[in-house]
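Presented below is the structure to which this report refers.
No value in this document is a laboratory result; all are computed from the given coordinates. Predicted model, so just to flag it, every value in this text is computed and none were measured. So basically every Cβ, Gly included, is an ideal-geometry build from the backbone, and we count neighbours across all protein chains shown.
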Ligand code: FE
């Protein structure tokens, strides 16, 4: 059977979504009866970031991968709605905060695999094996060249200083990347200290939060702020954008500063994968996870989206090499999920829109 491609579009009316869901599920379920050489994957990552690897996996193992792509939160909801009847064997999504939500929602199951445990550093996987990191990204500080000197910068904490009043661009608090960043501060500095920090940090915003990570870099380049916070792969994609020279120009106006190098290291996060609770092809699912974490796959997967491989000794892409090495925070990323609710409430109290 041919891999199924499916995209959840925001604009599809609910009934349409339900109809497509039913059709897709039936197609996958029907094929299960006749063919065990397959595995069903729900992926919140874009098809182009994963499909070539899945095709290689099929060539090597004879196992067909049925791919369903969609938005992260919609796919999690779908897994919850389908429950034990879900055709999905594997779930790929971004941010440890979301992977933790999936674990809490009981749509994942724990797996034990020596291969996975050896490939993925301990802090980049769930302690009980519910999810494993596939690629790593950092969320550093970007500063406007010529306006800010890197020696004025040091830590995330120091961005609460009055000297940054009206100079910081960052997206809204309902974004999981910011929730995870704040959760990491809570883990390291405690709740009270982080709340005090957040109040001052928010007071330094150049404007009310709006748009995505790329928009913060664009706003900085356009003179609306001097500092932007964004994930590294957005910066990489902007620098290498072949179609939109405006994005290249904006990205070139800023430079990366790696915060907290003298203490715990820069905040990082992952895209990751877990076996679903409902998995009917668990063995194949683990095989695919192990394949995604071999050195060749890691190199391709990380480079396809300007991310860092999670497996040690895998070569970085040229763009990442040009940013230099940095010390990354070794906090177990499951903590970001555990502290998510506290982080969200704290951001709300601090007035972070
Ligand atoms: Fe993203």
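Restricting to segment 140-273, compute how many DSSP beta bridges are antiparallel as a %, nearest 5.
Close to 65 percent.
Using the number of other C-beta atoms within 10 angstrom as an exposure proxy, rank 319, 69, 341 with the fewest first.
341, 319, 69
Listing 195, 262 from the residue with the fewest other Cβ atoms within 10 Å to the one with the most, what is the order?
Arranged by neighbour count, lowest to highest, 195, 262 become 262, 195.
Over the chain, with a single point scatterer placed on each C-alpha, what log10 of the ratio I(q)/I(0) does the Debye formula yield at q = 0.11 1/Å?
Values returned for q = 0.11 Å⁻¹ are -0.75.
Determine, for 122, 38, 82, the number of other Cβ atoms within 10 Å of each Cβ, and report the residues in order from fewest to most.
The most exposed by this proxy come first: 122, 82, 38.
Write down the percent of antiparallel bridges among all DSSP beta bridges whose residues are both part of segment 36-148, to the nearest 5.
Given both bridge residues lie in segment 36-148, the antiparallel proportion sits at roughly 10 percent.
Any chance you could check the Cα centroid distance between segment 122-181 and segment 327-353 for me, in angstrom?
11
Give me the extension gain from residue 322 to residue 56: residue separation times 0.36 nm, minus the current Cα-Cα distance, reported in nm with one decimal.
The span from residue 322 to residue 56 would gain 92.8 nm if fully extended.
With an 8 Å cut-off on Cα pairs and a minimum separation of 6 or more residues, tell me the relative contact order of segment 164-295 in percent.
On the way: 120 pairs, mean separation 30.9, N = 132.
Over segment 164-295, the number comes to 23 percent.
Is the shape of segment 194-353 best called rounded, prolate or oblate, per the rule: a/c under 1.5 gives rounded, else a/b larger than b/c gives prolate, else oblate, with a ≥ b ≥ c the square roots of the Cα gyration tensor eigenvalues?
Details: a/c = 1.92, a/b = 1.28, b/c = 1.50.
Oblate shape, in that a/c is at least 1.5 and b/c is the bigger or equal ratio.
Could you work out the relative contact order of the chain? I mean the mean sequence separation of Cα pairs under 8 Å and 6+ apart, divided by the number of residues, in percent.
27 percent.
For the chain, modelled as a Gaussian network with Cα springs under 10 Å, which listed residue fluctuates most, 44, 312, 253?
Of 44, 312, 253, the Gaussian network model singles out 312 as fluctuating most.
Taking every DSSP beta bridge that has both residues in the chain, what percent is antiparallel when rounded to the nearest 5?
60
Select from 252, 163, 282 the residue whose mean-square fluctuation is largest in a Gaussian network model of the chain (Cα-Cα springs shorter than 10 Å).
163
What percent of all Cα-Cα pairs in segment 55-163 falls in each 10 Å bin, counting up from 0?
Result, from short to long distances: 11, 30, 28, 16, 12, 3, 0 percent.
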